[in-house]
Amino acid sequence: MCKSIFRPKRAPNRLTRFSRAWPGTCTQMSDARSAGMAARGHRIAVAIALDARELGLGISPPVLVDDGPGELTYDQVVDDDELRYSTRKLFLDGHYAQSVEEACKCINNVVKQLANDAERDGAKLMRRTFSPNNPVLKLNRLVTRSEKDQQQGYMDMFAGIMTGVRNPRAHEHAYLDDPATALELLGFLNHLVRMARTAAPLCNT
């Protein structure tokens with residue numbers, strides 16, 4: 001067990017004294033701050049998830065040993081073979097921002113292939129492919145309002161990851177992600193890949 005490098009900035013109050021996440025969110029670092037930076041974000045995320053589970057608001061978080069490489073957590077979150085091929089080694093080697101960027105590139109190429117669209121790229125590709133009006137790939141029957149809303153929402157999410165997640169990491173030369181943030185994004189991107197693969201071409205429905 002590593003000795004904590006954080007000291008409280010303020011005492012817990014009535015609302016925070018029983019929270020596992022409070023020590024991580026309401027503390028300041030000592031002079032040895034570099035020792036625990038990599039693991040701090042994950043510990044806070046796990047603590048919040050545990051608090052949420054006890055309140056009936058969340059699920060059990062995956063296990064990650066602070067001193068381990070993180071294979072168990074990654075393998076629980078990312079199960080798409082192509083996405084794993086593009087990102088697994090990068091993530092386990094600590095290249096978190098690059099692993100997220102490569103995941104976005106992977107999704108872009110998967111959608112291009114499924115939509116048979118060699119011309120478009122990025123957000124334009126996603127908006128054309130998943131548009132609720134005459135889409136190339138349908139996520140559902142597009143009959144009810146809820147189905148049309150789902151198509152619209154996923155179109156926005158696919159386009160959003162291109163502009164909000166991929167582009168900053170592709171354009172900034174020193175973009176940094178902590179492991180917890182990278183894993184959250186990889187899990188979300190894994191979900192989007194699965195949705196794209198299960199979508200039906202419009203001509204076949």
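Tell me which residues, restricted to the stretch 63-97, are at pLDDT below 65 and crowded, with 17+ Cβ neighbours inside 10 Å.
Passing the criteria: Leu64, Gly70.
When the stretch 143-169 is examined, which residues are found to be under 17 Å from Ala103 (Cα atoms), surrounded by 18 or more Cβ atoms within 10 Å (Cβ to Cβ) and among the hydrophobic types (A, V, I, L, M, F, W, C)?
Phe158, Ala159, Ile161, Met162, Val165
Hey, could you check the stretch 107-128 for residues that are in contact (Cβ under 8 Å) with a residue 40 or more places away in the chain and not aliphatic (A, V, I, L, M) and say which is farthest from Gly160 (Cα to Cα)?
Among residues in the stretch 107-128 that are in contact (Cβ under 8 Å) with a residue 40 or more places away in the chain and not aliphatic (A, V, I, L, M), the one farthest from Gly160 (Cα to Cα) is Asn108.
Out of curiosity, is Asp178 more than 26 Å from Thr73 (Cβ to Cβ) and in contact with a helix residue (DSSP H, G or I) (Cβ under 7 Å, 6 or more places away or on another chain)?
It is false that Asp178 is more than 26 Å from Thr73 (Cβ to Cβ) and in contact with a helix residue (DSSP H, G or I) (Cβ under 7 Å, 6 or more places away or on another chain).
The values are calculated or read from the model by the stated rules, or taken from the named source; none is laboratory data. Just so we're clear, the structure is a prediction, and the values are computed from it rather than from any experiment. We place every Cβ from the backbone using ideal geometry, glycine too, and count neighbours over all the protein chains shown.
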